[in-house]
1. Filter segment 100-120 down to residues that are out of contact with any Asp or Glu (no Cβ under 9 Å at 6 or more places or on another chain), within 16 Å of Thr65 (Cβ to Cβ) and buried (at least 16 other Cβ atoms within 10 Å of the Cβ), then give me how many there are.
2. Here is a list: Lys79, Lys101. Which entry is assigned to a helix (DSSP H, G or I) and assigned by TED's automatic domain parsing to the domain that holds Glu68?
Amino acid sequence: MTLKQTNGANNIIKFTISDTKEDCGKDDINKCRFEIIVKSSILINLFRIFTNYENQYKKELIYLTQREKEVLKYIAQGKNNTQIAHKLNVSIHTTKMHVHKILEKLSVSDRTEAAVKAIKNDLI
């Protein structure tokens with residue numbers, strides 16, 4: 001299978017998709033050809049839609065427990081582990097474990113990155 005892109009006049013892009021003779025068998029090669037003609041503005045809008053969908057999908061992949069969301073909210077407020085532990089009435093060790101899991105789930109290396117990502121992804 002081959003894909004050929006041709007840029008035409010008036011911001012038109014033509015994609016030609018065709019199978020090789022081996023893929024088509026004994027049939028005429030022209031029967032195995034498919035062409036798509038698209039205005040570049042439509043293509044740009046399609047890319048935007050897919051990008052927005054991908055970003056939304058990524059948001060859904062981040063699963064935090066209710067407690068992790070509470071801890072993350074306090075992290076975003078600038079609270080340290082001792083303050084968070086006191087607010088949630090848990091040990092500092094438990095708070096550190098929650099923070100570690102949050103950083104891991106968000107794929108970030110520090111609390112600031114976690115807070116930024118949480119706000120960008122509407123997690124808190």
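The values are calculated or read from the model by the stated rules, or taken from the named source; none is laboratory data. Bear in mind that the values here come from a model prediction, so they are computed numbers and not experimental data. Cβ coordinates were reconstructed from backbone atoms using ideal geometry, including for glycine residues, and neighbour counts include every protein chain displayed.
1. Number of matching residues: 2.
2. Selected residue: Lys101, the only one of Lys79, Lys101 that is assigned to a helix (DSSP H, G or I) and assigned by TED's automatic domain parsing to the domain that holds Glu68.
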